[in-house]
Structures are given as C-alpha cells and as structure tokens.
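Notes for the one structure printed next.
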Amino acid sequence: MQCDCIGVDTEGDSLFSYKERVSLIQISGNDKHYVFDPLLLDNLEALAPLFANPCILKIFHGSDYDVVSLKRDYDFQIAPIFDTALAARAIGLKRFSLQSLIETYFQVTLVKKYQKANWKLRPLSKEQLDYASLDTVYLVRLYEILKAEIEKKGRWDQIEEECKIMEKITWGGKDFEPNDYIRTKGARTLSEVEQKVLRALIAARDLLASARDYPPFKIISSRHLILMAEKTPRDHDSLMALFPKKNMAITRHYERWLNAIQEGLESKTPLPERVKGNNGPLTNSQEKLLKTLKIWRNQQAEDEALEPAMVLTGNVLKEVARQKPKDIEDFSEIPLIRKWQIKRYGTPLLKILHKKTQKEDDSSSKTL
C-alpha cells in the first residue's frame, strides 16, 4: 500500500469469548478499503511492516483499544499514530464518537446495527463487511480536517505527545486469579467470611466461562454472586428462593454454586491484603488546595471550551496538591502530567500554589 497515511480499525469478540481476540482488521488508504480476516488467514505477518513503517501515519479512533488488541494478539509495533477521538476532544467537540464526527463533517449517518455483533462467527455477511469497512473509510479525511483545526488552535504539541503515549501502550491483562474477586463492585463491603464465599463463587464462574469460551459476566452477573455471598444459601431450595425469577445459570449449575459457597465457608486461605496508596490520603490543607485547584481547572476548561479532564485530570491535580511544586521543573515529578500541560498551565498553577503558601505562612505568623 503506497500512501502516507491509513485509517485502521478492528472488531473483537469480547462480548462472546472468554479471552477476547481480534476478529477483523480494517484498513483504508488511497481511497481503497481492505478487510482482513484473522480467523481465516494462516498469519498476519505481512501487516507487520505496514504498522511499523515510520513513514506511514496510522489513524485510529479511540486508538488505545485497537493498539492494545493488535499488540496483544500479533505483537505488532504500531507507530506513528493519530487518534481522531483525542483530536476531537482537544478542539472542544462535545460529541466526539466516530459516528458523531462523520455526521458533523460529512453529513453521513453510520448505522451501528452490528456494533455488538458476534464477530467470531463465520461466514460474515456482505452487510457486516460493509459496516466494518465504513469505520475506516472516513478516517484519513477526518484526520486532515481535525489536524487543520488543531493547528489553528495551537494544540499540535498536545496531540503529538498524547499520540506518542498511545504508541507505547501495551496490554496489561493477566490470567484469572481467585483474589481478583476484590475488584468486584461491592466486594470490599462484605465481611471476611462473605468475601471468601465470593472468591470461591467467582472462581467457579471463571471455570465455567473458560470451559464454555464465554465471557464470565454473561455466565452470571457479579451482582448475583454478591447476593449469594451475602445470603450463603446451603441447599437447593434456599438458593432458588434468592432468585424468584427463573435464572438458567442458577438452575442449571446450582450444585456448582452450592459447592462454591461451602468451599468459601470452609476456606482457610487468607484474604488478600488491601494495597494502600504510596502517599496515603491528603491532609486537610491539601484537600483545601485541591478544591482551589479544581475551581481554577474548571474555569480554565470553560474558558477554553474543553472538558475539565482535557485541561488536567483530577488525579494529576491531587498530586499537585500533595507535592506542591515550587518551580516549573518540579512538575516533571508529578505522575501522569504531560509536558504540554506543564508548558501551558505550569505558570498559573505555580501562582495558585505560591498564593496559597503565602496565606498559610501569614496565618501561621499571626497564630504565633
């Protein structure tokens, strides 16, 4: 493919598989559109040089998902990247889904009929292939439009840095571990015994999901597992009583759930220790400073017609309040802060910090 930039998208099977896989790769360039089927091809080695070519810009919409998926499954090196979702947010667009951008700039409405389709099923219909290819058809032209608007607003340094970060992103997943139960919403509010029961229930669900090659959440919801952990039914009737509406996952596998509950009740394996943050909670003065910083950030976002997070995220502001940088160079020690943010907002942040410190010093002097 002889061109300077290409549009790229993928379809995955996360809604229908235990371990998600890339099920389709779409690429557009020079007004030509290709769909590659990883499930039918012996390998995709021929695409590796294309993705790694430093002279070809790879344009994605929401690049983190696609880049992570392609690296995870095929170990592709992908650079350089341009993300149209990031670009749209950087110029202040409130509606930045690909569908919204295409409607805004090309007056074309994409039908999202197959957005949640099972992309691992074969054969794929012509309608599905057309749907998939439309996700890349407009990316190159969209890039050209957004690039011009970004340059006009003087935000190219922002997009360049953010996209370089996306080039380095990798899959951070790992195989299931029973102690992963602690990430389940509501798990930490359970008693020690209830948590052990939940751990056993989630492990049982994972075994069933793996055997069926199905996403765990589609086997049975975590909310239902929490309910069983809280009530700890010991027999068929008491288990069924928790679910007055017929629930096939409970009915078909009731013995599995009852065994897991008993296993949890008898477990001697300790619960995982709660990992505490390296810095602990903010002090009262730091909390007050954070509130002041958020007021400034929100006003700045309003002035620039941006989402507040596109100025500075709450986590970054929290670390600014904690570390209280004294000069511009100190900002580089703040986790997750970008160079473009330091360049654009470092000076006004220092003014706020200096003013707050001065007030605290004056207050201390009066007290003494």
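Bear in mind that the values in this text are calculations on the coordinates, not laboratory data. Being a predicted model, the structure only gives us computed values, none of them experimental. With ideal geometry, Cβ positions are generated from the backbone for all residues, glycine too; neighbour counts draw on all protein chains shown.
Numerical summary
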quantity: Kirkwood-type radius of region 178-266, with distances r between different C-alpha atoms, in Å; calculated: 12.8
quantity: Relative contact order (%) - the chain, alpha-carbon pairs under 8 angstrom, separation at least six; calculated: 15
quantity: Computed over region 1-156: relative contact order in percent, which uses C-alpha pairs under 8 Å that are six or more apart; calculated: 29
quantity: Qualifying trypsin sites (Lys or Arg not before Pro) in region 269-332, DSSP loop, other Cβ atoms within 10 Å at most 13; calculated: R274, K276, K326
quantity: Surface/4 of the Cα convex hull for the chain, nm²; calculated: 24.9
quantity: Net +/- balance of residues flanking Y105 in space, Cβ distance below 12 Å, scoring K and R +1, D and E -1; calculated: -1
quantity: Derived scalar couplings ³J(HN,Hα) [region 138-152; Karplus, 6.51 cos²θ - 1.76 cosθ + 1.60; whole Hz; x for Gly, Pro]; calculated: 9, 5, 5, 5, 5, 4, 4, 5, 5, 4, 4, 5, 5, 5, 5
quantity: The chain - mean residue ellipticity at 222 nm from DSSP helices (-39,500 (n - 2.57) per run, n ≥ 4, rounded to 500); calculated: -16000 deg cm²/dmol
quantity: Amide H within-cut-off set for C5, under 5 Å, with H built and near neighbours excluded; calculated: L57
quantity: Under 16 Å from the Cα of K32 - aspartates and glutamates, other chains or at least 8 residues apart; calculated: D4, D9, D130, D135
quantity: Of E20, E162, E127, the one that fluctuates the most in a GNM where the chain has Cα springs shorter than 10 Å; calculated: E127
quantity: Environment charge at S69 (Cβ cut-off 11 Å; Lys +1, Arg +1, Asp -1, Glu -1); calculated: -4
quantity: Under 17 Å from K326, Cα to Cα: aspartates and glutamates that are on another chain or at least 8 residues apart; calculated: E360, D361
quantity: Restricting region 161-211 to trypsin sites (Lys or Arg not before Pro) in coil, as DSSP defines it, with at most 13 other Cβ within 10 Å; calculated: K174, K185
quantity: Built amide H within the under 5 Å cut-off of G12, gap 5+; calculated: S23
quantity: Kirkwood Rh, angstrom, region 75-177 [1 / mean 1/r, Cα pairs]; calculated: 15.9
quantity: Sequence ranges 116-123, 213-220, 129-136, ranked by mean other-Cβ count within 10 angstrom, highest first; calculated: 129-136, 213-220, 116-123
quantity: Karplus 3J(HN,Hα) series, Hz, for region 345-354 with 6.51 cos²θ - 1.76 cosθ + 1.60 (x for Gly, Pro); calculated: 10, x, 5, x, 5, 4, 5, 5, 5, 5
